[in-house]
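Structure, as structure tokens:
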Amino acid sequence: MSERGAETRVPASAFLAACRRQSVAHRPIWIMRQAGRYLPEYRELRSKVDFETLTRTPELAAEVTLQPLRRFELDAAILFSDIMTPLQGMGVGLTFEPAPVVRVPVRTRAQIEALPTLEPARDVPFVLETIRLVRRSVPRAAPLIGFAGAPFTLLCYLVCGRPSKEFAPARTFLFAQPQEAERLLMRLADAMAAYLTAQAAAGAQALMLFESWAGLLGVREYTRFALPAVRHTLAALKPLGVPLIYYLNQGSALLRTVAGLEVDVVGVDWRSPLSEVRALLGPDKAVQGNLDPAALFAPPEELTRAAAGVLTEAGNAPGHIFNLGHGIWPDTDPDAVARLVDFVHEHP
Ligand code: CP3
């Protein structure tokens with residue numbers, strides 16, 4: 001048997017099966033931002049080490065990646081890093097406060113051309129080493145998800161310099177300097193393709209692109225700017241043969257457009273019911289989501305009702321991965337997460 005064939009005979013994973021729309025014995029669940037500040041063990045480590053050092057020290061990043069899997073029966077691990085980490089590797093000066101702040105926003109053709117090409121083994125070796133360490137010690141052989149920011153979401157941070165509600169400078173950039181915007185997006189699309197390819201080579205078993213700020217765009221601008229860039233990255237990743245996930249935040253208006261993307265799984269926020277999401281995406285996409293992170297603050301029976309609502313909307317067709325609609329909030333009670341994971345596993 002070829003090496004590739006041997007590799008596909010890994011222990012059956014409900015998460016990987018659901019990504020491929022195969023039937024599963026239990027419904028897989030993992031949680032966006034599952035490694036992070038709601039966990040006392042993360043806060044304990046973080047009180048001694050700053051966020052950047054955590055992400056750049058493979059032993060620590062691997063430890064933080066594994067913390068939620070030791071506590072809960074999660075069906076996948078996600079690499080502990082940040083969407084801005086590879087840009088830092090390309091020499092973009094930034095700090096985490098805790099959200100990323102870019103020292104000198106990128107807005108001119110000269111700045112865009114001056115961005116060096118990302119060479120993952122040279123520029124972010126610690127990310128690849130973290131992946132290797134996690135693969136060696138992950139509980140229950142849970143698959144590891146590698147990730148990157150989608151090009152438009154990275155553009156938002158690079159052009160604005162800091163997160164904001166409207167990201168006005170980024171949206172203005174698209175209209176006022178469309179050629180520069182397209183060039184920056186394609187440079188980011190190439191960099192993230194190289195980055196995710198290296199993550200898969202190091203052992204990541206699924207790859208996810210975070211389009212966290214998709215909801216800023218109308219369908220026209222999304223189709224002109226964000227979509228070709230993400231398509232470019234996805235096309236480069238397809239030959240890797242690992243499931244590809246595209247998370248679209250506040251993208252209800254964009255689902256018809258996203259249906260045309262060659263991606264295995266579309267992750268969505270909590271605004272649209274999954275029945276509607278599935279109808280718009282069509283039968284050849286799996287879906288991931290979409291409990292409101294606020295539901296974890298409800299009394300146990302209300303949380304159960306909300307989770308049951310997500311399961312009902314998702315339906316019984318294969319290809320649903322349970323998740324929140326966006327990252328878990330820092331003040332969430334870990335016991336609520338434990339109850340949610342158990343409930344989802346008990347209701348296939
Ligand atoms: O999901 C995980 O557990 C893996 C780790 C992960 C982090 N950031 C760790 C982190 C992942 C997948 C990300 C992705 C990320 N980072 C996104 C896309 C997902 C999303 O939420 O939409 C975005 C937009 C960022 C940018 C970013 N980095 C923000 C807005 C912040 C601060 C606010 C926040 O949510 O914590 C960060 C810093 C950051 N990234 C922290 C963590 C655990 C907090 C740092 C700290 O401990 O002080």
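The values are calculated or read from the model by the stated rules, or taken from the named source; none is laboratory data. All values reported here derive from a predicted model rather than from experimental measurement. Positions of Cβ are generated from backbone atoms using ideal geometry, with glycine treated the same way; all protein chains shown enter the neighbour counts. Side chains are part of the model used for accessible areas, which takes the heavy atoms of the whole protein and leaves out ligands, DNA and RNA. Shrake-Rupley method; radii C 1.70, N 1.55, O 1.52, S 1.80 Å.
Residues in the stretch 18-62 that are in contact with a Phe, Trp or Tyr (Cβ under 8 Å, 6 or more places away or on another chain), outside any loop (DSSP other than H, G, I, E, B) and open to solvent by less than 30 Å² (accessible area, probe 1.4 Å): how many?
Final tally of qualifying residues: 6.
Test V104 against the stated conditions and say whether it is more than 25 Å from Y246 (Cβ to Cβ) and either without any contact (Cβ under 8 Å) to a residue 60 or more places away in the chain or not in a loop (DSSP other than H, G, I, E, B) (or both).
Criteria met by V104.
So how many residues does the stretch 22-64 have that are more than 10 Å from the ligand (Cβ to nearest atom) and in contact (Cβ under 8 Å) with a residue 24 or more places away in the chain?
15
Could you list, in sequence order, the residues of the stretch 132-191 that are open to solvent by less than 10 Å² (accessible area, probe 1.4 Å), under 22 Å from I31 (Cα atoms) and hydrophobic (A, V, I, L, M, F, W, C)?
Quick first cut of the stretch 132-191, residues open to solvent by less than 10 Å² (accessible area, probe 1.4 Å) only: 134, 142-146, 148-156, 158-159, 161, 167, 170, 173-174, 181, 184-185, 188-189, 191.
Okay, now just the ones that are also under 22 Å from I31 (Cα atoms), so 134, 142-146, 148-150, 153-154.
Across the stretch 132-191, the qualifying residues are V134, A142, L144, I145, A148, A150, L154.
I'd like the full set of residues that are open to solvent by less than 20 Å² (accessible area, probe 1.4 Å), more than 18 Å from A77 (Cα to Cα) and either out of contact with any helix residue (DSSP H, G or I) (no Cβ under 8 Å at 6 or more places or on another chain) or not in a loop (DSSP other than H, G, I, E, B) (or both), limited to the stretch 321-338.
A336
Do we find a residue being touching a strand residue (DSSP E or B) at 6+ places or on another chain (Cβ under 8 Å), outside any helix (DSSP H, G or I), without any contact (Cβ under 8 Å) to a residue 40 or more places away in the chain and open to solvent by less than 30 Å² (accessible area, probe 1.4 Å) anywhere in the stretch 248-256?
Checking the stretch 248-256: at least one residue is touching a strand residue (DSSP E or B) at 6+ places or on another chain (Cβ under 8 Å), outside any helix (DSSP H, G or I), without any contact (Cβ under 8 Å) to a residue 40 or more places away in the chain and open to solvent by less than 30 Å² (accessible area, probe 1.4 Å).
Which residues, counting only those in the stretch 299-320, are of a type in the set (G, A, S), assigned to a helix (DSSP H, G or I) and surrounded by 16 or more Cβ atoms within 10 Å (Cβ to Cβ)?
Scanning the stretch 299-320 gives A306, A307, A314.
Which residue pairs have Cβ atoms closer than 7 Å, lie 6 or more positions apart in sequence or on different chains, and pair a first residue in the stretch 73-89 that is more than 11 Å from the ligand (Cβ to nearest atom) with a second residue that is assigned to a strand (DSSP E or B) and among the small types (G, A, S)?
If the second residue must be assigned to a strand (DSSP E or B) and among the small types (G, A, S), the pairs left are P86/A148.
Quickly run through the stretch 90-101 and pick out the residues that are within 15 Å of the ligand (Cβ to nearest atom) and assigned to a loop (DSSP other than H, G, I, E, B). Don't jump to the end; show me each part of the working.
Of the residues in the stretch 90-101, the ones within 15 Å of the ligand (Cβ to nearest atom) are 92, 94-101.
Across the stretch 90-101, the qualifying residues are V92, E97, P98, A99.
Exactly one of these conditions fails for Q67: (1) in contact (Cβ under 8 Å) with a residue 60 or more places away in the chain; (2) surrounded by 16 or more Cβ atoms within 10 Å (Cβ to Cβ); (3) part of a helix (DSSP H, G or I). Give me its number.
It is condition (1) that Q67 fails.
For G241, indicate whether it is at pLDDT 95 or above and surrounded by fewer than 20 Cβ atoms within 10 Å (Cβ to Cβ).
Spelling it out, G241 is indeed at pLDDT 95 or above and surrounded by fewer than 20 Cβ atoms within 10 Å (Cβ to Cβ).
Just a yes or no: is a residue in the stretch 139-158 hydrophobic (A, V, I, L, M, F, W, C), part of a strand (DSSP E or B) and closer than 23 Å to F225 by Cα?
Looking for residues that are hydrophobic (A, V, I, L, M, F, W, C), part of a strand (DSSP E or B) and closer than 23 Å to F225 by Cα, one finds at least one in the stretch 139-158, hence yes.
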